[in-house]
Amino acid sequence: MKEFDYPELVVWFTSTGRADLLPDTVESWINHCTYPNYRIILLESQMTDESREFFKQEYIDGEATATYLATLPARFPHINMEIIVQPYRPLGQVYDQLLAKTGDYFINLEDDLITVCDPHDQIVDAIQILRADPKALGMRVDLRDETVFEYCPRFPRVGYSAGMKYAIIDTTCSGGAQVMDATKTRAIGGYCTSHAPKDYIQTELQQSAAMRSNKMFTAVNLKYWGFLKHMGHHGVQGGDRSWTIAAYNDLEKHGWFGDGKNRTPREHPREWYIRTRVENGLP
């Protein structure tokens, strides 16, 4: 096999002032990652009069976040890091701003995705698949749902490139937790920038539509369990995500059942969903 050339991976941290989450997001990546050619762009969106109307301010501390960001260059002088602090803009505009600063590949860690193990091997394999398959736009890398296995009902299509199997997701392309091909992302038009600032979900919907119209897909490498998990119990607009956190913790405790072979999940996804909510006192 040809020796891997380690193209640059640009790591996006898109923050909205969640000072309680951002340090773990940034430092867990730095402390775990041994991929030798990455640089960080950390973009902090500070609140404006408009954005204060639709963000839950109890979860946001822009001043504390800015103070934390100011410490990073001195604490991590060996990391190639660019820090941008600017007023809040529609998320698609932020993504296109970062895309313009990105060469071949990127991963968006947002401000509440913690790295739980070294992502080196999974990044290498993700890039190899993205290079081998012109229709592969991104590779998901968060902790693996136990319903992901070859030909499972949730992901019935399986691809095979660069010597690896992966479950194909041809419906959605989310903002974070994916190693993305920047060249292909630009080729299908980048991100939606015309939506209202509060409707940032439109960036994901537009990207997904562009992906589908170009007969492209994102995928889950069946070789790996994943290296990221969400840790924010609330979204920036206040939505309860405690059940999601409970799900990641459950997976981390019990492990992943999908190893690329047909097998029965330990329970139906709906039953799992109900159980994790009940166990955590959620309606």
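The values are calculated or read from the model by the stated rules, or taken from the named source; none is laboratory data. Note that the coordinates shown come from a computational prediction; the quantities given were computed from them, not determined experimentally. Because the Cβ atoms are built from the backbone with ideal geometry, glycine has one as well, and the counts that use them run over all protein chains shown. Surface areas here come from the heavy atoms of the whole protein model, side chains and all, with no ligands, DNA or RNA. Shrake-Rupley method; radii C 1.70, N 1.55, O 1.52, S 1.80 Å.
Taking amide hydrogens as modeled 1.01 Å from N in the peptide plane, which residues meet the under 5 Å criterion relative to Tyr105, leaving out close sequence neighbours?
HN-HN under 5 Å from Tyr105: Val10, Ala182.
Mind grabbing the accessible area of Tyr151 for me, 1.4 Å probe, Å², rounded to tens?
Surface open to solvent at Tyr151 totals about 120 Å².
With a 1.4 Å probe and every protein chain left in place, work out the accessible area per residue of segment 36-86 in Å², rounded to a whole number. The partial results should precede the final answer.
Numbers: 2820 Å² over 51 residues.
I get 55 Å² per residue for segment 36-86.
Any idea of the accessible area per residue across segment 112-197, 1.4 Å probe, to the nearest Å²? Mind dumping the intermediate values first?
Values: 2960 Å² over 86 residues.
Normalised by residue count, the accessible surface of segment 112-197 is 34 Å².
Find how much the distance from Glu279 to Thr67 grows on full extension, using 0.36 nm per residue of separation minus their present alpha carbon separation; answer in nm with one decimal. Let's see the in-between values first.
On the way: separation 212, 0.36 × 212 = 76.32 nm, distance 3.71 nm.
Length gained, Glu279 through Thr67: 72.6 nm.
Taking the Cβ-Cβ separation of Val85 and Asn214 as r and a Förster radius of 35 Å, what is the calculated FRET efficiency to the nearest 0.05? Spell out each step's value before the answer.
Values: r = 34 Å, r/R0 = 0.98.
So the FRET efficiency works out to roughly 0.50.
What pairs from Lys198/Lys253; Lys198/Lys223; Lys198/Lys229; Lys135/Lys229; Lys101/Lys215 go past 31 Å between their alpha carbons? Provide the component values of the computation, followed by the final result.
On the way: Lys198/Lys253 36 Å; Lys198/Lys223 37 Å; Lys198/Lys229 25 Å; Lys135/Lys229 26 Å; Lys101/Lys215 26 Å.
From Lys198/Lys253; Lys198/Lys223; Lys198/Lys229; Lys135/Lys229; Lys101/Lys215, over 31 Å: Lys198/Lys253; Lys198/Lys223.
Could you pull out which residues in segment 191-231 have an amide N less than 19 Å from a spot 7 Å beyond the Cα of Ala132, following the Cα-Cβ vector?
216-226
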